[in-house]
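A.B. asks: Once you've had a glance at the structure underneath, I'll fire off some questions.
The values are calculated or read from the model by the stated rules, or taken from the named source; none is laboratory data. As the structure is a computational prediction, the values presented were derived from the model and not from experiment. No Cβ is skipped: glycine too gets one built from the backbone with ideal geometry, and neighbour counts run over all protein chains shown.
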Amino acid sequence: MNESIVTPIGAAVRRKEDQRFITGKGRYTDDMNRPGQAFAYFLRSPHAHAHIRAIDASAARAMPGVVAILTGADLAQDKIGDLICGWMITSKDGTPMRMGSHPALAKDKVRYVGDHVAVVIADTLDAAKDAAAAIAVDYEVLPAVADLGTADAGAQIHDCAPRNVAFEWELGDRATTDAAFAQAAHVTKIDIVNNRLAPNAMEPRAAIGEYDPGDEAFTLWTTSQNPHVARLVLSAFVGIAPEHKLRVIAPDVGGGFGSKIFIYAEETVCAWASKRVGRPVKWTADRSEAFLSDAHGRDHVSHAELATDAAGKILGLKVHTRANLGAYMSTFSSCVPTYLYATLLSGQYAIPAIHCEVDAIYTTTAPVDAYRGAGRPEATFLVERIVDKAARELGLDPAEFRRRNFITTFPHQTPVIMNYDAGDYAASLDLALEMADYKGFPARRAEAEARGKLRGIGLSNYIEACGIAPSAAVGSLGAGVGLWESAEVRVNPTGNVEVLTGSHSHGQGHETTFAQLVSARLGIPIDQVSVVHGDTDKVQFGMGTYGSRSGAVGMSAIVKALDKVEAKAKKIAAHILEAAEGDIEFKDGKFTVAGTDRALAFAEVALNAYVAHKFPTSEIEPGLKEGAFYDPTNFTFPAGCHICEVEVDPETGVTQIVNFTAVDDFGIVINPMIVEGQVHGGIAQGVGQALLEGVTYDADGQLVTGSYMDYTMPRADDLPSFRLGLTQTRCPSNPLGIKGCGEAGAIGAPPAVINALADALGTQDVPMPATPAKVWALAKTRAVRQAAE
Amino acid sequence: MYAFDYQRPAALSEAASLLGADPEAKILAGGQTLLPTLKQRLAQPTMLVDLGRLPGLSAIEKTAEGVAIGALVKHVAVATSDVVRQVIPALADLAGMIGDPAVRNRGTIGGSLANDDPTADYPAAVLALNATVVTDRRSIAAGDYFQGLFTTALEEGEIIVRVDFPQVERAGYAKFPNPASRYAMAGVFVAKTAAEVRVAVTGAGQSGVFLWEEAGDVLSSDFAPAAIASLQLDPADLMSDLHGNAEYRAQLVKAMAKRAVAQALA
């Protein structure tokens, strides 16, 4: 609930949606129940890799309450297409990526534990589970390929992909990079593992498919970050229904972190099966299914080398990365370790030459795709780790080495596509060093040492590319879609406003921030504005929310639509006020004839627009409703400096984060409270990756971390109270000057934490997650080393 | 969850006869392990016999020897009991470290001991304090009660009624929680009487809770954290898993033992 006030840009307006969420009045997919609905339960593969010789469901079909049992053969019979990957990557030898067939229900083979073998649809979920247990599947078990390092030599997972390689891609120029290395006074080398993460949205994935035989149309309620893209893929590629006969609704969605961008087997099957069985079909994942089948994140193994000259300036960077795709290419899996990764390898630094090779590898594990940051955390981790290591090898303070190499003039063209439009990296570094009391660290370290504790401090100067992106640019890089955004501003006769947006809120607070923008612009109270999203029948089209794009792109579309509303309202006001259109000024919710006190309130003009008595409708159409599509001119480049200070207990290996400072440049900030919340959550996830989280499969491809008994989520008591600061350079690439803030914490935090641990433990070989057991072993090694010295 | 019958007897004898009549029946106390297990279809009992309404199993009483805690007493009640805090403060501390507030408000001491999870907290206190587990049939000394992973001296259908804890001179508990589950990776309860010091370890042993006798012997002559510093627990019988190998667990046991002694002296 909001007060009835006009909310300026920059005000910490309380979230409109929170009243609903914290009183249990949210409407999530699992809260929906349709008349006559049946329940779907997926029989999943217990094997990482196996041929399916036969499926015998005859006994199961006869069990009480069973409506249908469907398999890949039924999908094929209905000519339902495979799930797709929507971004084409071309290997360095010119061949297109090798996309293995990805049916929503397995046809002849399963490729990871949790792969979809059959769906049981029954009157109750328990009946579906009982029947699933009675399905006899004859598997010919094949060797698992669970290890990324040796997957080339493993059993071939897809017929189209020898050596289990999907693509071998490169970016940057090898020859100029080699030449730069030939001039180097020093080369720093590092091997890095970027650990695999499970996304763990609070709300598990869910779907309800419903077919209306009268309209011959489907409705799909689903936990999606981008319902229009889901509809497009399910129509154009999977073939569920023509686009105009498929309505996709993503109602309240409880977090996504990327994992709900993708089009999965389960919602595909619920939609398709609803027509086949003639009843609505509902599925909600339990947490075990989420661990098994949500697309995971990260999972890179990299070797990097950094060349520096005698003055401590960076000359070049070489990177070779192996990226784990899992068993199938998920919806955007191919762009994550390529164009969302290697394009950020220049970091905040003027690096004249960069060459990066990426081998994308299939393994018999869950698919890997975008997860908060998507490629950019992997790039930042690599750059900030090797920069830190180089500084120490060169005997330079890590802050000073970074400063020496900062990009200081803009625009700046990197050797890896990106053209940075604005930034002031030294400003963020300076403020962060001050807030973290960097100068006072040696005294704090000495004090900790006296207590038997090891203190370390670590920096991370991250950069990311957000606001994805100019459609033509991403098209030239292989994207199958444009990445603009749409908005429609509907002014009602009584002067209140509905904003329809193609962005989708699943925790970001759009209902507040977007309404705040409209309130400020039209001068009407924020409670007079409602935001509509997540329904393809209401919003005509949109690209959804991910990659910190909704502020920079989604709100820019709203600004464009508001421009049109204002322009038309001025015309109408001019007629009513009997003045020239050019003399009408709009300010603080009033249309005024310049230099006079003759004025009309916004609501009066809105009413007149619909009454349409006082202007010639031959010249001006009645009504006040405008739409806009906004295509950005560039990515945006949020950047900042995170500083982490840790204290290690060498007796137990416990790492305590004693201070965490984050100074971010997000450009113009609409609502600082919501931005702060985004930063808090991002840092928590980043600390989670650094210290706690890691998906582990055993050699047989069984998921070891399949529950919260073994997968460590960050908790409040793992984190300190953060010290947050903002610096500001306006983003020149969108009308609001916004850069985006949703992923920064998850990008900036991991290298800051690990650099701090490296400092505390006196070794650069600190793995993620740096669990107490691993840190204890490193602390023990340090003690042995010190004793020897 | 599979279907099952549900009974809530009003008397201990009725509970015993329900359990006696159906070997596939299971006792429901606080349900903090059993219900998640059922939800995941990892168990299929024919009947749950809910002890929740049985009279006389929910009291904490000061006794001549120490304190008696009824089988249905919830962890939160032990953690906040003035009697427990007065007689064996370390036991109240331990109860306050179990699980999270939701678990502590539902889980019971009898349920925890009957389940005998090798990473549960209570077994360390019961063994170190040399407590007595009293059932509807007999009294079982702590040393006889714990028999391995999820294995106790309880017979089919035998119901824990209470646990008798003797008062000791000093006691302390220190726990290193598993980062993910927050069960004990190493939980050490140290109890000092005039005659001896008993050091019980939960969370680390391959066969569940055990007495670290070497530490007890050393502490009997010098009850101070430093006394343990030179000891080395043999990792051969300790667990190794994703969260730490046996060598690390041996280190944690030692570290927690030192902290438990410090707690006892505080």
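A.B. asks: Quick one: which of A:THR501, A:THR513 is touching a His at 6+ places or on another chain (Cβ under 6 Å), modelled with pLDDT of 95 or more and of a type outside the set (D, E, K, R)?
C.D. replies: Numbers: A:THR513 fails: touching a His at 6+ places or on another chain (Cβ under 6 Å).
Residue meeting the stated conditions: A:THR501.
A.B. asks: Could you tell me how many of the residues in the range B:126-142 are of a type in the set (Val, Ile, Thr) and in a helix (DSSP H, G or I)?
C.D. replies: As a first pass, look at the range B:126-142 and keep what is of a type in the set (Val, Ile, Thr): B:126, B:132-135, B:140.
Checking the rest, the ones that are also in a helix (DSSP H, G or I) come to B:126.
Adding up the residues that qualify gives 1.
A.B. asks: Moving to a separate point now. Where in the range A:1-110 are there strands (runs of 3 or more DSSP E), lying wholly inside it, with at least 1 residues that are in contact with a helix residue (DSSP H, G or I) (Cβ under 6 Å, 6 or more places away or on another chain), surrounded by 20 or more Cβ atoms within 10 Å (Cβ to Cβ) and of a type in the set (Phe, Trp, Tyr)? Break it down into steps so the answer makes sense when it comes.
C.D. replies: Values: elements: A:38-44, A:50-56, A:66-71.
Here the list reads A:38-44.
A.B. asks: Let me ask something else. For the structure I just gave you, tell me whether A:ASP527 is surrounded by fewer than 20 Cβ atoms within 10 Å (Cβ to Cβ), under 21 Å from A:ARG15 (Cβ atoms) and either aromatic (Phe, Trp, Tyr) or modelled with pLDDT of 95 or more (or both). Outline the logic, then answer.
C.D. replies: Details: surrounded by fewer than 20 Cβ atoms within 10 Å (Cβ to Cβ): yes; under 21 Å from A:ARG15 (Cβ atoms): yes; either aromatic (Phe, Trp, Tyr) or modelled with pLDDT of 95 or more (or both): yes.
Yes; evaluated as a whole, the condition is true for this residue.
A.B. asks: Residues in the range A:312-323: is at least one touching a residue at least 60 places away in the same chain (Cβ under 8 Å), surrounded by fewer than 24 Cβ atoms within 10 Å (Cβ to Cβ) and not charged (D, E, K, R)?
C.D. replies: Checked the range A:312-323: at least one residue is touching a residue at least 60 places away in the same chain (Cβ under 8 Å), surrounded by fewer than 24 Cβ atoms within 10 Å (Cβ to Cβ) and not charged (D, E, K, R).
A.B. asks: Answer yes if at least one residue in the range B:246-257 is within 13 Å of another protein chain (Cβ to nearest Cβ), touching a strand residue (DSSP E or B) at 6+ places or on another chain (Cβ under 6 Å) and not aliphatic (A, V, I, L, M), and no otherwise.
C.D. replies: yes
A.B. asks: Under 29 Å from the mean Cα position of the chain (by Cα), under 30 Å from A:SER505 (Cα atoms) and within 14 Å of another protein chain (Cβ to nearest Cβ) - does that describe any residue in the range A:42-65?
C.D. replies: No, because not a single residue in the range A:42-65 is under 29 Å from the mean Cα position of the chain (by Cα), under 30 Å from A:SER505 (Cα atoms) and within 14 Å of another protein chain (Cβ to nearest Cβ).
A.B. asks: Among (1) assigned to a loop (DSSP other than H, G, I, E, B); (2) touching a strand residue (DSSP E or B) at 6+ places or on another chain (Cβ under 6 Å); (3) within 14 Å of another protein chain (Cβ to nearest Cβ), there is one condition A:ALA773 misses while meeting the rest; what is its number?
C.D. replies: Result: A:ALA773 fails condition (1) only.
A.B. asks: Condition check: surrounded by fewer than 21 Cβ atoms within 10 Å (Cβ to Cβ) and either in a helix (DSSP H, G or I) or among the hydroxyl-bearing types (Ser, Thr, Tyr) (or both). Does A:ALA290 satisfy that? Quick ask: steps written out before the conclusion?
C.D. replies: On the way: surrounded by fewer than 21 Cβ atoms within 10 Å (Cβ to Cβ): yes; either in a helix (DSSP H, G or I) or among the hydroxyl-bearing types (Ser, Thr, Tyr) (or both): yes.
Spelling it out, A:ALA290 is indeed surrounded by fewer than 21 Cβ atoms within 10 Å (Cβ to Cβ) and either in a helix (DSSP H, G or I) or among the hydroxyl-bearing types (Ser, Thr, Tyr) (or both).
A.B. asks: Whether any residue in the range B:214-223 is in contact (Cβ under 8 Å) with a residue 60 or more places away in the chain and crowded, with 16+ Cβ neighbours inside 10 Å is what I want to check. Full working, then the answer.
C.D. replies: Taking the range B:214-223 and keeping what is in contact (Cβ under 8 Å) with a residue 60 or more places away in the chain, we get none.
Within the range B:214-223, not a single residue is in contact (Cβ under 8 Å) with a residue 60 or more places away in the chain and crowded, with 16+ Cβ neighbours inside 10 Å.
A.B. asks: From the set of residues in the range A:575-598 that are within 45 Å of the chain's Cα centre (by Cα) and in a helix (DSSP H, G or I), which is surrounded by the most Cβ atoms within 10 Å (Cβ to Cβ)? Working first, answer last.
C.D. replies: Initial filter on the range A:575-598 (within 45 Å of the chain's Cα centre (by Cα)): A:581-582, A:584-592.
Going one step further and asking which of them are in a helix (DSSP H, G or I), we end up with A:581-582.
Values: A:GLU581: 12, A:GLY582: 9.
Checking each candidate, the answer is A:GLU581.
A.B. asks: Same structure, new question: Is at least one residue of the range B:220-232 of a type outside the set (Lys, Arg), assigned to a helix (DSSP H, G or I) and closer than 28 Å to B:ALA59 by Cα?
C.D. replies: Within the range B:220-232, the subset of a type outside the set (Lys, Arg) is B:220-232.
Imposing the further condition that a residue be assigned to a helix (DSSP H, G or I) reduces the set to B:220-221, B:225-228.
From what's left, closer than 28 Å to B:ALA59 by Cα: none.
The answer is no; no qualifying residue exists.
A.B. asks: Do we have A:ASP93 as under 28 Å from A:GLY480 (Cβ atoms), out of contact with any His (no Cβ under 9 Å at 6 or more places or on another chain) and in contact (Cβ under 8 Å) with a residue 24 or more places away in the chain here? Quick ask: steps written out before the conclusion?
C.D. replies: Values: under 28 Å from A:GLY480 (Cβ atoms): yes; out of contact with any His (no Cβ under 9 Å at 6 or more places or on another chain): yes; in contact (Cβ under 8 Å) with a residue 24 or more places away in the chain: yes.
Yes: the conditions hold for A:ASP93.
A.B. asks: So, one more: Quick one: in the range B:10-33, of everything that is more than 17 Å from B:ARG137 (Cβ to Cβ) and free of Cβ contacts under 8 Å to residues at least 24 places away in the same chain, which residue is surrounded by the most Cβ atoms within 10 Å (Cβ to Cβ)?
C.D. replies: B:LYS26
A.B. asks: Just the residues that are within 14 Å of chain A (Cβ to nearest Cβ), surrounded by 24 or more Cβ atoms within 10 Å (Cβ to Cβ) and under 18 Å from B:SER112 (Cβ atoms), please, taken from the range B:167-212.
C.D. replies: B:LYS175, B:ALA184, B:MET185, B:ALA186, B:GLY187, B:VAL188, B:GLY203, B:ALA204
A.B. asks: Please state which of the following conditions B:VAL163 fails to meet, knowing it meets all the rest: (1) within 14 Å of chain A (Cβ to nearest Cβ); (2) within 21 Å of B:ALA114 (Cβ to Cβ).
C.D. replies: (1)
A.B. asks: Mind checking which pairs have a first residue in the range B:36-53 that is within 14 Å of another protein chain (Cβ to nearest Cβ) and within 15 Å of B:TYR6 (Cβ to Cβ) and a second that is of a type outside the set (Asp, Glu) and part of a helix (DSSP H, G or I), Cβ under 9 Å, 6 or more apart or different chains?
C.D. replies: B:GLN44/B:LEU38
A.B. asks: Follow-up. From B:ASP136, B:ASP121, B:ASP116, which residue is acidic (Asp, Glu), within 18 Å of B:ARG162 (Cα to Cα), touching a residue at least 12 places away in the same chain (Cβ under 8 Å) and in contact with a Ser or Thr (Cβ under 6 Å, 6 or more places away or on another chain)?
C.D. replies: Numbers: B:ASP136 fails: in contact with a Ser or Thr (Cβ under 6 Å, 6 or more places away or on another chain); B:ASP121 fails: in contact with a Ser or Thr (Cβ under 6 Å, 6 or more places away or on another chain).
Sole residue among the options that is acidic (Asp, Glu), within 18 Å of B:ARG162 (Cα to Cα), touching a residue at least 12 places away in the same chain (Cβ under 8 Å) and in contact with a Ser or Thr (Cβ under 6 Å, 6 or more places away or on another chain): B:ASP116.
A.B. asks: Would you confirm whether or not the range A:345-366 contains a residue that is more than 21 Å from A:TYR438 (Cα to Cα), acidic (Asp, Glu) and buried (at least 24 other Cβ atoms within 10 Å of the Cβ)?
C.D. replies: Restricting attention to the range A:345-366, the residues satisfying the condition of being more than 21 Å from A:TYR438 (Cα to Cα) are A:345-347, A:349-366.
Then keep just the ones that are acidic (Asp, Glu); that gives A:357, A:359.
Next, from what is left, pick out any that are buried (at least 24 other Cβ atoms within 10 Å of the Cβ): none.
Within the range A:345-366, not a single residue is more than 21 Å from A:TYR438 (Cα to Cα), acidic (Asp, Glu) and buried (at least 24 other Cβ atoms within 10 Å of the Cβ).
A.B. asks: Another question about this same structure. Restricting attention to the range A:683-713, which residues are more than 10 Å from every other protein chain (Cβ to nearest Cβ), within 23 Å of the chain's Cα centre (by Cα) and within 18 Å of A:HIS296 (Cβ to Cβ)?
C.D. replies: Those that are more than 10 Å from every other protein chain (Cβ to nearest Cβ), within 23 Å of the chain's Cα centre (by Cα) and within 18 Å of A:HIS296 (Cβ to Cβ): A:GLN685, A:GLY686, A:GLY688, A:GLN689, A:ALA690, A:VAL695, A:GLY706.
A.B. asks: Condition check: within 14 Å of chain B (Cβ to nearest Cβ), surrounded by fewer than 23 Cβ atoms within 10 Å (Cβ to Cβ) and in contact (Cβ under 8 Å) with a residue 60 or more places away in the chain. Does A:GLN728 satisfy that? Reasoning before the result, please.
C.D. replies: Working: within 14 Å of chain B (Cβ to nearest Cβ): no; surrounded by fewer than 23 Cβ atoms within 10 Å (Cβ to Cβ): yes; in contact (Cβ under 8 Å) with a residue 60 or more places away in the chain: yes.
The answer is no for A:GLN728.
A.B. asks: Which helices (runs of 4 or more DSSP H) sit wholly inside the range A:370-470 and have at least 3 residues that are surrounded by fewer than 19 Cβ atoms within 10 Å (Cβ to Cβ) and free of Cβ contacts under 8 Å to residues at least 60 places away in the same chain?
C.D. replies: Details: elements: A:376-393, A:398-405, A:425-435, A:441-450.
Correct list: A:425-435, A:441-450.
A.B. asks: To continue, here is another question. Of the numbered conditions (1) assigned to a loop (DSSP other than H, G, I, E, B); (2) exposed (fewer than 15 other Cβ atoms within 10 Å of the Cβ); (3) of a type in the set (A, V, I, L, M), A:VAL539 satisfies every one except a single condition; which is it?
C.D. replies: Result: A:VAL539 fails condition (2) only.
A.B. asks: Let me ask something else. Mind checking which pairs have a first residue in the range A:641-660 that is within 14 Å of chain B (Cβ to nearest Cβ) and a second that is modelled with pLDDT under 95, Cβ under 7 Å, 6 or more apart or different chains?
C.D. replies: A:PRO650/A:ALA783
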